[in-house]
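What follows is one structure encoded as structure tokens, with my remarks underneath.
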Protein chains: 2
Amino acid sequence: MRTAATSPDPGSTDGELADGQVTTGQEFVRDTDYIDNRITRGGGGPAGETFPVEAGRYRLIVARACPWANRAIIVRRLLGLEGALSMGLCGPTHDSDSWTFDLDPGGVDPVLKIPRLKDAYLTRYRGYPRGITVPAIVDIPTGAVITNDFGPMTLDFSTEWIDFHRDGAPDLYPGHLRAEIDEINDVIFTDVNNGVYRCGFAGDQKSYDDAFDRLFTRLDALSDRLGRQRYLVGDTITEADVRLFTTLVRFDAVYHGHFKCNRSTLTDMPVLWAYARDLFQTPGFGDTVDFTQIKQHYYIVHRDINPSRIVPRGPDLSGWRIAHHREQLGGRPFGEGTPPAPPLDTERVPAGQGA
Amino acid sequence: MRTAATSPDPGSTDGELADGQVTTGQEFVRDTDYIDNRITRGGGGPAGETFPVEAGRYRLIVARACPWANRAIIVRRLLGLEGALSMGLCGPTHDSDSWTFDLDPGGVDPVLKIPRLKDAYLTRYRGYPRGITVPAIVDIPTGAVITNDFGPMTLDFSTEWIDFHRDGAPDLYPGHLRAEIDEINDVIFTDVNNGVYRCGFAGDQKSYDDAFDRLFTRLDALSDRLGRQRYLVGDTITEADVRLFTTLVRFDAVYHGHFKCNRSTLTDMPVLWAYARDLFQTPGFGDTVDFTQIKQHYYIVHRDINPSRIVPRGPDLSGWRIAHHREQLGGRPFGEGTPPAPPLDTERVPAGQGA
């Protein structure tokens, strides 16, 4: 789907909205064919593939439940892009058709004036055949999705939106560390971020067993690494930490039981648990997490693995605020920068839904 | 179903084999209408309701997966009834028809010569309409089920089979403590033993929420009690400990994830975890537990809550052998008695399936 403004290949998926499903006898393979236009400084590029960074032109559409969207929420906060790039929030549950703006008054996004995110995909491509996913960036004047390619999206926030970063914004993707960040991001994506989905949506025992082994082998290796250093790469928070965090913060709430990632809870992996708490307690991380929406999303939407759609009351979340003592490893969360200000009033996680 | 040799009331259940299922919009209510003849010293009683205790006449049919059957396996071992009451083992999984003897050569119980436990129920009552449950005691000469009423069954092992107890058998149901044991058994049954099923098979959110709150409120109260004393009643192991143990030992393996009992893992409840380990490490308890069969049973049989039938690889079981330090609370596991001998060679849990 590399050519803008033409219809994408309708071949490989069935057009249903699914962030995953069980196909009996098959391993889970994520459809990674996204609308991948980029928003760059100055825009341009061959065949109009890139759009120019402009304050107020685009709207980031997310759902707090979704780990891929959570990345974008965190990076936008850390960099202070709220004023340049507004954000619309879909509700935690959706039908097979689309994520929807059911949290907004009247069930309509107040800027895009649409009830379903799908409408912005259809504006881009009539008959869009793939999953209606978050995060997505919509061009407000045309109402069309520019990109839902979550991988480059947050890197572009760091490197292309730089003119709109707040004072004191951290460098989450520093030039001299990019190779190392890219490398660890790749294995974290395969074994951890998507690894939990490969456990949960495995269609046969062997696929599950393999994904489970890869997941915990990788978590053990990450635990070794993080036993020696406060952050994954260098001595400050980077994009790699954001990406690992969004899976760890969901681990006990949904992946452990719902996705059968149950060798250990996060709370039983001491290094990773302290690392996750450290980030959670850092402004810009924990204040983006809505555990209520996370649990509602996974347990209600995935009928094929939870037919009763009952949402568990656990786990106990009180531990997230316990001291982590990771300062002892040194490191400076924001490097030469500073923590972000508190969330905008309109973007706060509702009381009682965080930890 | 109080009259032997006549057909039971066929009214209330559908005749399907289910140790539970989700009925949308309804709380889970266990069918507790069992074949409740008893085996007593001398037998007799009105209308031939009781059968006489005799060595070699009866066969106890169990499945290691089932917590209700696990009680009977443990009590039989603690009391040393192996020589008087033989035991047949059904496999961990079954279809909607019956528990089966698929672990035995040829798929037939070597004593009863039947492939399905249902056959012994049908010998008792043609067209038996209720669940084919374990534990069940079968009269070997007639091949008919005498009782599947698991509550009185283990109490009768203690009080009626006394002539066949081993030397050094503990008194699991001492006369002066029966009122207290009965009282705690009642609340443990409702809130814990059956409480986990009420969570797992809840057909609506409110039924689940209520069962969850009752379960963890009760576990917290039991934890308080067991923080002060080594065993539930008195200073030795009693029937009450057997009944709590069979739920606790399954907690992290199946109830936490599969039944959504996920406020805390057992390993996160320090007193109950130490108490469970203490019992697990006591001869007659842990040596009856087959975690592989437990997980296979719950995850494969309950298709309505695990349609993929994939069996989780977790949890890590290595903690069951860690020191519990409960000796510091005093108490004598077997009172004036002694621990049982190791299991019969034919009744050992296969290597790699315990902990």
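The values are calculated or read from the model by the stated rules, or taken from the named source; none is laboratory data. Note that this is a predicted model, so its numbers are computed, not measured. Every residue, glycine as well, gets a Cβ built from its backbone with ideal geometry; the counts of neighbours run over all protein chains shown. Side chains included, ligands, DNA and RNA excluded: accessible areas come from the protein's heavy atoms. Shrake-Rupley method; radii C 1.70, N 1.55, O 1.52, S 1.80 Å.
Here are a few things to note about the model shown:
- Annotation note: trypsin sites (Lys or Arg not before Pro) in the range A:209-303 located in DSSP loop regions with a Cβ neighbour count of at most 16 within 10 Å are A:Arg228, A:Arg303.
- Chain B, relative contact order in percent, only Cα pairs under 8 angstrom and at least six apart counted: 20
- For the protein assembly as shown, accessible area per residue (1.4 Å probe, heavy atoms of protein chains only), Å²: 38
- Taking one quarter of the surface of the convex hull spanned by the alpha-carbon atoms of the protein assembly as shown gives a direction-averaged projected area of 33.4 nm².
- Computed with every protein chain present, the accessible area of B:Ser318 is close to 80 Å² [probe 1.4 Å].
- Cβ nearest the rotation axis (A onto B), residue from chain A and distance to the nearest whole Å: A:Gly257, 2
- Highest GNM mean-square fluctuation among A:Val108, A:Val75, A:Val53, for chain A modelled with Cα contacts below 10 Å: A:Val108.
- Distances from A:Gln21 to itself in the other copies, using label points 7 Å out along the Cα-Cβ axis, amount to 2.5 nm in increasing order.
- Qualifying trypsin sites (Lys or Arg not before Pro) in the range A:86-152, DSSP loop, other Cβ atoms within 10 Å at most 12: A:Lys113, A:Arg126
- Sequence-distant lysines (8 or more away, or on other chains) whose Cα lies within less than 23 Å of A:Lys260: A:Lys206, A:Lys295, B:Lys260, B:Lys295
- Its relative contact order, with pairs defined as Cα atoms under 8 Å and 6+ residues apart, puts the range B:42-168 at 27 percent.
- Debye, to nearest 20: dipole size of chain A, +1 on Lys, Arg Cβ, -1 on Asp, Glu Cβ: 540
- Within the listed set A:His256, A:His325, A:His165, the Gaussian network model of chain A (springs between alpha-carbon atoms below 10 Å) gives the highest mean-square fluctuation for A:His325.
- Sorted from nearest, the other copies put their A:Asp220 label points 3.6 nm away, the label point being 7 Å from Cα in the direction of Cβ.
- Complex-versus-alone comparison for the range B:258-275, residues with a loss of 30 Å² or more in accessible area, probe 1.4 Å: B:Lys260, B:Asn262, B:Arg263, B:Asp268
- The range A:172-326: relative contact order in percent, alpha carbon pairs under 8 Å with at least 6 residues between: 21
- With the Kirkwood sum run over all distinct C-alpha pairs, the range B:10-164 has a hydrodynamic radius of 15.9 Å.
- Interchain or long-range residues, amide H under 5 Å from B:Ala144's placed H: B:Asp139
- Inter-copy separations for A:Ala351, label at 7 Å along Cα-Cβ, nm, ascending: 6.1
- Euclidean distance of C-alpha centroids, the range A:20-73 and the range A:127-158, integer Å: 4
- Mean shadow area of the range B:179-347, taken as a quarter of the surface of its Cα convex hull (nm²): 10.6
- Charge tally around A:His325: other residues with Cβ under 12 Å, Lys/Arg +1 each, Asp/Glu -1 each, net +1.
- Nonlocal amide H pairs with A:Met87, under 5 Å, H built at 1.01 Å: A:Leu60
- Dividing the summed helix terms, -39500 (n - 2.57) for each DSSP H run of n ≥ 4, by the number of residues in chain A produces a 222 nm estimate of -8500 deg cm²/dmol to the nearest 500.
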